[in-house]
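The values are calculated or read from the model by the stated rules, or taken from the named source; none is laboratory data. Everything numeric in this text was worked out from a predicted model, so none of it was measured. All Cβ positions, glycine included, derive from the backbone under ideal geometry; neighbour counts span all protein chains shown.
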Amino acid sequence: MKDYYKILEINFGVDILTIKKAYRRLALKYHPDKNRNPDATQKFIEITEAYIVLREPSKKQYYDRIYQDYYSRKNTIHVTKPEYEYKQKEWAEYGKVKADEYTSIPFEEFARRLLKEISIGASYIPNVVAIIIVCVIAIGLLTILPEVFDSLFMVLFISIMVIGLFYLAYRLFLVAHDDYKEDRNRKILNNK
């Protein structure tokens, strides 16, 4: 089993932000235009494969389940072997395609894109802060709920407020997510 966490030189279970940082660091180090070592191209393909799996929450969750199963059972996989082999082959092929795409870009452009990705992500910090504030307010209202149990009106009012605030946080997340994808496509992918 390929250990994508080891390939990216990070610990199992880290968050996506840490995965992205590790990938950027290693991709800049092993990009074939930058690193003339004969093993650099293969290393670049491996880290790209690991990154494309671990950056996607659904793929990461699937991989993490297999990873835990593999290492808790002393190097055996509980998931059916053909299923895992199929996924591993799919990931490897896609990783190779993406690595080929990234190596066709001159190193300076590749580094510029990675840095642009960081700046786009940083521009969404206020959105994240707003979502956190809305969630904290909703949780704060939940702590008041036991104190007003004697008033049905207050219980209903606070419950509706909490539901509304969580819905607002969810909508803010969706808008920020869509805006981020649009910004990324416009500023990085279409600005070759």
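Just a few scattered comments:
- Tabulated pairs, the range 84-98, first at negative phi, second at pLDDT below 85, C-beta under 7 angstrom, 6+ apart or interchain: Y84/I66; Y84/I77
- Restricting the search to helices (runs of 4 or more DSSP H) fully inside the range 38-126 and requiring at least 2 residues that are out of contact with any helix residue (DSSP H, G or I) (no Cβ under 9 Å at 6 or more places or on another chain) gives 57-72, 81-103, 107-122.
- Residue list for the range 1-13, filter: within 25 Å of K89 (Cβ to Cβ), without any contact (Cβ under 8 Å) to a residue 40 or more places away in the chain and surrounded by fewer than 18 Cβ atoms within 10 Å (Cβ to Cβ): K6, E9
- Annotation note: Cβ proximity below 6 Å between a residue of the range 164-181 that is surrounded by 13 or more Cβ atoms within 10 Å (Cβ to Cβ) and a residue that is not in a helix (DSSP H, G or I) (sequence gap 6+ or interchain) occurs for A176/Y124; Y180/Y124.
- When the range 43-69 is filtered for residues that are among the acidic types (D, E) and under 12 Å from Y5 (Cα atoms), the ones remaining, listed by number, are E46, E49, D64.
- Test: residue in the range 136-145 that is farther than 24 Å from R24 by Cα, at pLDDT 85 or above and of a type in the set (S, T, N, Q): yes
- A count restricted to the range 12-29 and to residues that are assigned to a loop (DSSP other than H, G, I, E, B) and of a type in the set (D, E, K, R) stands at 1.
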